[in-house]
1. Could you compute the FRET efficiency for residue 22 and residue 110, with r as their C-beta to C-beta distance and R0 at 45 Å, rounded to 0.05?
2. Counting DSSP beta bridges with both partners in segment 5-123, what percentage is antiparallel, nearest 5?
3. Rounded to the nearest 500, what is the chain's calculated 222 nm mean residue ellipticity when only DSSP H runs of at least 4 contribute -39500 (n - 2.57) each, over all residues?
4. Testing the spin-label approximation: label points 7 Å from Cα along Cα→Cβ at residue 132 and residue 146. State their distance in nm.
5. Report the label-to-label distance for residue 2 and residue 125 in nanometres (one decimal), using points 7 Å from each Cα along the Cα→Cβ vector.
6. Give, rounded to the nearest 20 debye, the magnitude of the charge dipole that the chain has about its Cα centre when Lys and Arg contribute +1 at Cβ and Asp and Glu contribute -1 at Cβ.
7. For the pair residue 12/residue 161, report the inter-label distance in nm, with labels modelled 7 Å from Cα in the Cβ direction.
8. For residue 38 and residue 192, FRET efficiency with R0 = 35 Å and r from the beta-carbon atoms, rounded to 0.05?
Amino acid sequence: MTSLIFATNNKHKVEEIRSALAGRFRIIPLSEAGIDRDIPEPHDTLGENASEKSSVIHALTGADCFSEDSGLEVNALGGAPGVRSARYAGEPSDAGANIRKLLHAMDGIDDRSARFRTIISLILEGKEYTFEGECPGKITLDIDGDGGFGYDPVFIPEGADRTFARMTIDQKNRFSHRRKALDAMLSFLLGKP
Ligand code: IMP
């Protein structure tokens, strides 16, 4: 089975991605690859951050690997928190504080439309390929649910009747931005000779 290092230690993301790839690839998170360091996300776009992460891992290991960078873009906030989603309320990253800041920023705003976006950067045999996925939806008025991670308790994807935080991984994967980007990567990998 082909092994791919996944440049993250976020166990929710690893679980989502393993579930989406349904055992077709062996996914190795950084902790299992023996890489114990935070990889910087210094850029202003998701694509540049994703590229940076996969290049760093490739430089360290020489192995096939991929990384993803995701963000929540809220229309009424001009696309914020966007690339700064993880650190919206400051460092260190605190999901509860981020959600509180978001709900506060949207107080009294009727347009709740938003989208999650993911860019994946895959390095295969030394060459980089990128894939994108997005999930449109809306921001709730209050926190609803305690599953998932990040902004899951305040985001209802289009076509659903509940927040990501009230879904199982399989249910979330029917809508998820990361899942769409992964599907694009998977079709590419499966289509390779
Ligand atoms: P990262 O830099 O790709 O880890 O993602 C940035 C931030 O976006 C995360 O820390 C979360 O706050 C948020 N985020 C990304 N994907 C999701 C998701 O599927 N649900 C909720 N929040 C997410």
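A short reminder: the numbers here are calculations on the coordinates, not readings from a lab. Keep in mind that what you see is a predicted model, and the values were worked out from it rather than measured. Note: ideal-geometry Cβ built from the backbone for every residue, glycine included; neighbour counts use all protein chains shown.
1. So the FRET efficiency works out to roughly 0.65.
2. Taking every DSSP beta bridge within segment 5-123, about 75 percent pair in antiparallel fashion.
3. Result for the chain: -9000 deg cm²/dmol, rounded to the nearest 500.
4. It is 3.8 nm.
5. Each label point lies 7 Å from its Cα, and together they span 1.0 nm.
6. 460
7. Output for this residue pair reads 2.4 nm.
8. Step by step, r from the Cβ atoms, then E = 0.65.
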